[in-house]
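Presented below is the structure to which this report refers.
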Amino acid sequence: MPATILVVEDEPAIQELIAAALQHAGHRVMRAFSAEEAAGLVNATLPDMALIDWMLPGMSGIQYARKLRGDERTRDLPIILLTARGEEQDKVAGLEAGADDYLTKPFSPRELAARIKAVLRRRAPQMTEDCVEVDGLRVDPATHRVSGNGRQLELGPTEFRLLHFFMTHPERVFNRTLLLDQVWGDHVFVEERTVDVHIRRLRAVLETTGHDRLIQTVRGSGYRFSALPG
Ligand code: CA
């Protein structure tokens, strides 16, 4: 599952090592030497995950993690804190700041890859290739196939991503801006009403098997995927 991963690490040699390991594993890497630099990058492109060094010049890694958690756009971004210190109280502080995991340096590329996979599986199910099925509607990310009650449905690539994202985040209301960030890979010079166009296309296909009811419009807020009555 290739992901876009933000690496915030002020030591060039370590940053290089991590970036090389991530690229080797097929991920795309965004690199920053400080939280301030990272903030600028994240503003332009929303990553799928962040690896943040604890000890950074300027804003510390833990402060930055807390800041990401406090912002609606990055609230759900999976975060792994990197640290040279292995003390239990640090680990607790890191997790309290909203980090999903904590990795003590030095770590092997293999350990890093395993942690990333585990955190993505838990926190970003849309990044995994696990099949999702709701009420007879089934999406298989590995083969890019969608079926409704066993009948094959043909979706365009954007509608496919949109449906997969919805199905891995049921019952939550997403406004157009968040959907653009999450599905279009963001900032994208795409207008918000483009979201409506793709939702319409998605519903039209799902209508053939009666699954269009799962994509609900929440007036004034956005859209929600739900098997419950809207
Ligand atoms: Ca450091």
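Coordinate-derived values only; no laboratory data. Note that the coordinates shown come from a computational prediction; the quantities given were computed from them, not determined experimentally. Positions of Cβ are backbone-derived with ideal geometry, glycine not excepted, and every protein chain shown enters the neighbour counts.
Before moving on, here are some points about what is shown:
- Scattering curve values for the range 4-127, log₁₀ I(q)/I(0), Debye with Cα scatterers, q = 0.12, 0.14 Å⁻¹: -0.37, -0.51
- LEU228, LEU112 arranged by Cβ crowding within 10 Å, fewest neighbours leading: LEU228, LEU112
- Across the chain, C-alpha contacts under 8 Å between residues 6 or more apart give a mean separation that, scaled by the residue count, equals a relative contact order of 13 percent.
- Scalar couplings 3J(HN,Hα) for the range 73-84, obtained by applying the Karplus form with A = 6.51, B = -1.76, C = 1.60 to θ = phi - 60°, are 5, 10, 3, 9, 5, x, 10, 10, 8, 10, 8, 8 Hz; x denotes Gly and Pro.
- The relative contact order of the range 4-127, computed from alpha carbon pairs under 8 Å that lie at least 6 residues apart in sequence, is 22 percent.
- What separates the Cα centres of the range 144-164 and the range 13-86 is a distance of 33 Å.
- Backbone amide hydrogens, once placed in the peptide plane, bring ALA50 within less than 5 Å of LEU6, ILE79, ILE80, excluding anything fewer than 5 places away on its chain.
- Normalised by 2.2 N^0.38 Å, with N the number of residues, the alpha-carbon radius of gyration of the chain equals 1.10.
- Gyration tensor (alpha-carbon) shape descriptor, the range 1-55, a/c threshold 1.5: oblate
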